[in-house]
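The values are calculated or read from the model by the stated rules, or taken from the named source; none is laboratory data. Source: prediction; values computed, not measured. Here the Cβ positions follow ideal geometry from the backbone for every residue, glycine too, while neighbour counts run over all protein chains shown. For accessibility, only protein heavy atoms count, side chains too; no ligands or nucleic acids. Shrake-Rupley method; radii C 1.70, N 1.55, O 1.52, S 1.80 Å.
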Amino acid sequence: MTQTNDDAFPHTQKRLWQRRSVQVWLAIFVLVWVNVWTGDGIWAPICNLSGDTDDSCPVSCWYPAIVTGANPAQAGAIRCYLQALSDESPSEMKKAIPAPDWTGDPTVTPRAFRYAADARSGIVTVDVQQNDSASAFARATIHYADGKTDEEPLAIINPTAWDGWRMEGVNGG
């Protein structure tokens with residue numbers, strides 16, 4: 001009776017399966033850990049590709065700004081606002097501003113782009129001051145590289161969602 005390689009080494013097949021299983025679990029662990037550590041840093045860009053403007057997706061953009069005093073959700077809303085501003089993109093702006101009635105689709109007015117040239121002038125610095133009496137509100141002081149300064153209120157559109165922050169005063173509200 002002749003033995004094949006499969007019969008002679010059954011333990012090698014088992015070890016390959018165990019190794020792959022460990023690799024898969026390790027990859028899952030790393031992805032979850034990175035996602036938690038970056039505050040939805042992986043999920044937010046994927047979720048926002050759908051174009052949703054409600055608070056089901058965390059707001060996150062890759063605009064290069066120095067943001068101090070903000071939590072990750074506030075910083076994400078600020079970066080999305082600045083990116084939409086520099087791109088002069090109404091569809092991107094809808095990610096960063098609330099609807100007038102705080103439900104539905106936001107309306108973007110020309111006033112929303114009043115600082116577009118300033119946002120393209122260089123690195124922007126933003127200081128966020130939390131409201132001591134109402135945790136659902138904050139104020140962002142935006143310092144553009146060309147020397148102009150803007151103050152915008154931030155508000156959370158859904159108190160049950162940690163990532164529901166939006167730039168409240170962009171349309172002049």
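Details
- Here residue 46 does not qualify as at pLDDT 90 or above, within 12 Å of the chain's Cα centre (by Cα), of a type in the set (A, V, I, L, M) and not in a strand (DSSP E or B).
- Of the residues making up segment 85-134, just one is among the basic types (Lys, Arg) and open to solvent by less than 50 Å² (accessible area, probe 1.4 Å), namely 95.
- Of the residues making up segment 87-144, those that are touching a His at 6+ places or on another chain (Cβ under 8 Å) and not aliphatic (A, V, I, L, M) are 125, 127.
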